[in-house]
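**Student:** Here's a structure for you.
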Amino acid sequence: MKTIGILLLTSLLSLSAYAQQKETFKVAGNCGMCKERIEEAAKIDGVASADWNMEDKILTIVYNPEKVDLEDVHQSIADAGHDTEKVRAKDEVYNNMPACCHYERIKKPENPDNPEKKSGCCKRGN
């Protein structure tokens, strides 16, 4: 009976390890305080680990996609004041961070489906 319990526990642990995925994406920041803030914000429920590289501005997370959506991780980081490649932090939150944390903002990706953004034209006179 004890052997069955050990086998069951081992199977469950391997299934949970199997569900883990690794993802990397760009997160803007400058200093050690940024690193702590970014990594803490990324560690929402379902994220096993988060490591932000200060030099290349890349965050590496290990997470369970059955428990967390990557968009939620991006949003949590933006809510803490840091732009990601998918979500821009609110200006108010960014402006309230210490001066050393004021990084170069990531530009919002242009939305090709937005009818107001047509190349070579503007609303005036057209």
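**Student:** Filter region 19-56 down to the residues that are crowded, with 21+ Cβ neighbours inside 10 Å, assigned to a strand (DSSP E or B) and of a type outside the set (A, V, I, L, M) and list them by number.
**Tutor:** Scanning region 19-56 gives a single hit, TRP52.
**Student:** Only one of (1) at pLDDT below 95; (2) crowded, with 18+ Cβ neighbours inside 10 Å; (3) among the acidic types (Asp, Glu) fails for ASP83. Which number is that?
**Tutor:** Condition not satisfied by ASP83: (1).
**Student:** Residue pairs, Cβ under 9 Å, 6 or more apart or interchain, first in region 27-40 and free of Cβ contacts under 8 Å to residues at least 24 places away in the same chain, second among the polar types (S, T, N, Q). List them.
**Tutor:** Listed pairs, sorted by first residue: LYS35/ASN53; GLU39/SER49.
**Student:** Please specify each residue of region 22-68 satisfying the condition of being among the basic types (Lys, Arg) and out of contact with any Lys or Arg (no Cβ under 6 Å at 6 or more places or on another chain).
**Tutor:** Selection gives LYS22, LYS35, ARG37, LYS43, LYS67.
**Student:** In region 101-115, what count of residues is obtained for those that are at pLDDT below 95 and not in a loop (DSSP other than H, G, I, E, B)?
**Tutor:** 0
**Student:** Any idea which residue in region 68-89 is nearest to CYS34 (Cα to Cα), counting only those that are in a helix (DSSP H, G or I) and β-branched (Val, Ile, Thr)?
**Tutor:** ILE77
**Student:** Check PRO65 against each of (1) in contact with a strand residue (DSSP E or B) (Cβ under 6 Å, 6 or more places away or on another chain); (2) surrounded by 14 or more Cβ atoms within 10 Å (Cβ to Cβ); (3) not polar (S, T, N, Q) and name the one condition it does not meet.
**Tutor:** (2)
The values are calculated or read from the model by the stated rules, or taken from the named source; none is laboratory data. Small disclaimer: the values here were computed from a predicted structure and weren't measured. For neighbour counting, all protein chains shown are included, and Cβ atoms are generated from backbone atoms with ideal geometry for every residue, glycine included.
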